[in-house]
1. Which of the residues that make up region 219-261 are out of contact with any strand residue (DSSP E or B) (no Cβ under 9 Å at 6 or more places or on another chain) and aliphatic (A, V, I, L, M)?
2. Can you list the strands (runs of 3 or more DSSP E) found entirely within region 130-207 that contain at least 2 residues being without any contact (Cβ under 8 Å) to a residue 24 or more places away in the chain and basic (Lys, Arg)?
3. Restricting to region 143-182, what's the tally of residues that are more than 16 Å from Trp253 (Cα to Cα) and either in contact with a Gly (Cβ under 6 Å, 6 or more places away or on another chain) or aliphatic (A, V, I, L, M) (or both)?
4. Could you check region 346-374 and list, in sequence order, the residues that are within 14 Å of Arg323 (Cα to Cα) and open to solvent by 50 Å² or more (accessible area, probe 1.4 Å)?
5. Going by what's in this entry, would Arg330 be described as at pLDDT 95 or above, charged (D, E, K, R) and surrounded by fewer than 24 Cβ atoms within 10 Å (Cβ to Cβ)?
6. Across region 154-197, what is the total count of residues that are of a type in the set (Val, Ile, Thr) and open to solvent by 10 Å² or more (accessible area, probe 1.4 Å)?
7. In the list Phe257, Phe266, which residue meets the criterion of being assigned to a loop (DSSP other than H, G, I, E, B) and open to solvent by less than 40 Å² (accessible area, probe 1.4 Å)?
8. Could you please let me know if Ser481 is out of contact with any strand residue (DSSP E or B) (no Cβ under 6 Å at 6 or more places or on another chain), of a type outside the set (Lys, Arg), in a helix (DSSP H, G or I) and crowded, with 19+ Cβ neighbours inside 10 Å?
Amino acid sequence: QTPCQGRLAPSTQPWGFPGKPQAPFSLPAPRWPVECEVIQETIEHIEWVPPKPEPFCPPMGLEQALYTLGEEQGTVVYHSSPGNRARAAPLSASTLPGPPTTVSAPPTAPQGSCFTRARVGGAPGPLSSPAAPLEGPQDTTLLFESRFESGNLQKAIKVGPYEYVLTLRPDLYTAKHMQWFYFRVQNTRQEPLYRFTIANMAKHKSLYGQGLQPLLYSHQDAQSRGIGWRRVGTDVCYYRGSTGEPPMFRLSWTVRFPHNGDTCFFASCYPYTYSDLQRYLRALAADPVRSRYCTVQALCRSLAGNTVYLLTITSPGGTAGKRVVVASARVHPGESGGSWAMRGFLDFLLSAHADARLLRRLFVFKVVPMLNPDGVVVGNSRCSLAGRDPNRAYGMALPGSFPGVWHLRAMVQRVLEEREVLLYCDFHGHSRKNNVFMYGCDAGGDGTGTRLRQRVFPLMLSKNAPDKFSFSSCKFQVQKSREGTGRVSMWRLGVSHSYTLEVAFSGSTLGRRSSHFSVEDLGSLGRLLCDTLLDFCDPAPAKFQQCLAEADALLQQQMGRELGSGGSWSDVSPSELES
C-alpha cells in the first residue's frame, strides 16, 4: 500500500503559521519499491571542508586513454539490479585464482516494468549476496555494495588484479539516465594503483573531460583524522565506449586508497539523501528559536508514500502585505549539489543575521527542499518512480503520477490568488558547464524593459558571487521543449521572475579560481542568493537601475558585434540573442 500517494496531507493548509507551537515531528523511515533490496546499516558521512581549494586535475586526452580489458575477459564480483532478472555469473575465471565464483542476484522485477508498491526497508525477506565472497586473507578482490540510500551500482567486473569495469543501474523503470554514481568498496589495499571504469555513462559530454574528479570518502580517515569527502583520481578520462545506439560513454580514473582494510565510498557529487534532509528538519523542528518562524508541513506524498516537505518561513505575526518567494530543489535526484545550496539558503534564512531577520519581515518563503524524494532514495539520476523526468511534467494534470511538481504548482496558483509571488528559484546541478549560472524566461514578445528586468537578478548575483557565478553563461530563451519545466510553468502562471539555478558538478573557473566546489562553496550560494534578493528589492533604486543599464549595454554590445555598428537587440528574439 502507498497511503496518501499524490494527495495533500489532511492537515496541510496553503499558509503555515510560524510562531505557534508545532506538533511533535515524526520522521518515518524511507519507503522503497518492493523490488529494491536495502542493507540494514545506516550510512552517514561527516562534513569536512578541505583546508585549500581542490584544483581541477589535468584532463587526459583520448590518445592517452589506457586500454581497458573488455568485460568478457573478467569475472563478475558484484551484481545487484532491481530491473533485471538476469543473475550474475562468472564470465571467465582467467583473471582470478581458484575456481569460478557465482554471484547470486536478488529476485527482481523484469526490465521495463513499472512501479507497483513500496514499503519501509524495500524487498521483504532475507537479503541476497550480490558480492563474490573472499577466498581468504590473501584475496585482494574489492567488496562492492550500493544497496543503500542513493546508491546505484549495478555490476562490477574484475578485469585485472586491481582493475574493475563498473555498470551503473539506469533510473528505475527506464533504460537510461546513467550519470550519478555512489557506491561502497571494502577490502582495500594501500599500495596498488587501482583503475575503475564506469562503462555506461549516458551523456556525450561531461565535466570529467575538463578536470572534474570523483569524490572519495575513507571511513578510517573520517574516524581518525576528521577528513570527509575529497577529490581523488589521476588519469581521469571520459570517452565514447560503444558504437551502438544510443552510444555509451566511459569514465575512467586511477586511485590509491589511503589505508589497508578500509571502507571507502565513491560518488559523483557530495551525497545528500532523503534521510539527511529528515535529520535537518528534525533538528529544525526541535530548535525553539528557529521553529518560531518556520513551519514544516507535508506538501503531499510521493508515489512510494514518502513525504514531500514544505517549509513556510516568515517572521511571527501576520502575513499581510508580504510578497512571496518560492524555492525548490532536487526535482532531479542526481543533482545533489542543489541540496547543499538549498541547505545554505535555509541556514542563512533561519539565522539570527540582521539581513535574515529583514528578509523574514519582508517576505513569506515557501520552500520545497526535495521535490523528488523517491528518486533520491533509490539513487536515480533524473527520474521519479513514474520513469519520467518530473521537470518536464509541470504542465500535465497528473497528480497521481507526478505529485511533487503537481502540488507545488497548485500551491503557487493558490498563493497567486492572494498576493504577488516575486520570485521562483529551482535549484539544479549541471554536468557539462563549469561555474554557477541561471536560466530565466524571455519570450521575446514583451517590451524592452520587461526583457531587461529578467536579467537583473542574475546580473546582481554575479556581482555578489564574482568567483562562482557566470552571467555570460545565463540563458533566457523559453524553448518549446522546456515548457514543462518548473521555471517556465511558474512564469506562465504569473511569477514575473522565475529561474533555474544551475550549479556545476565541478567548480569555478572565475576569479582566478580553477578548483572544485566544496560543500562550503555550495552552501554559500544560498546566502548569496539571500543577499541578492535584498539588493533586488532595495527601495533605493540605484543598484537596480545600474544593473538595468549594464544589462542593456551588454546586449547592445553583443548585437553590435554581430550586426555591425548601430545594431539593436530590442527587436531580436531570445533564440537569436543566444545563438
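The values are calculated or read from the model by the stated rules, or taken from the named source; none is laboratory data. The structure displayed is predicted, hence computed values, not measured ones. Here the Cβ positions follow ideal geometry from the backbone for every residue, glycine too, while neighbour counts run over all protein chains shown. Accessible surface areas use protein heavy atoms only, side chains included; no ligands, DNA or RNA. Shrake-Rupley method; radii C 1.70, N 1.55, O 1.52, S 1.80 Å.
1. Correct list: Ala222 only.
2. On the way: elements: 143-145, 153-160, 163-168, 182-186, 194-201.
Because the criterion is at least 2 residues that are without any contact (Cβ under 8 Å) to a residue 24 or more places away in the chain and basic (Lys, Arg), no strands (runs of 3 or more DSSP E) in region 130-207 meet it.
3. Looking only at region 143-182, we keep the residues that are more than 16 Å from Trp253 (Cα to Cα), and these are 143-155, 169-178.
Restricting the remaining residues to those that are either in contact with a Gly (Cβ under 6 Å, 6 or more places away or on another chain) or aliphatic (A, V, I, L, M) (or both) gives 143, 150-153, 172-175, 178.
Number satisfying all stated conditions: 10.
4. Result: Leu358, Arg361, Leu362.
5. Numbers: at pLDDT 95 or above: yes; charged (D, E, K, R): yes; surrounded by fewer than 24 Cβ atoms within 10 Å (Cβ to Cβ): no.
For Arg330, the condition - at pLDDT 95 or above, charged (D, E, K, R) and surrounded by fewer than 24 Cβ atoms within 10 Å (Cβ to Cβ) - is not met.
6. To start, the set of residues in region 154-197 that are of a type in the set (Val, Ile, Thr) comprises 157, 159, 165, 167, 174, 185, 188, 197.
With the extra rule that they be open to solvent by 10 Å² or more (accessible area, probe 1.4 Å), the set shrinks to 167, 174.
Adding up the residues that qualify gives 2.
7. Working: Phe266 fails: assigned to a loop (DSSP other than H, G, I, E, B).
None of the other options fit; the residue is Phe257.
8. Working: out of contact with any strand residue (DSSP E or B) (no Cβ under 6 Å at 6 or more places or on another chain): yes; of a type outside the set (Lys, Arg): yes; in a helix (DSSP H, G or I): yes; crowded, with 19+ Cβ neighbours inside 10 Å: no.
Answer is no for this residue.
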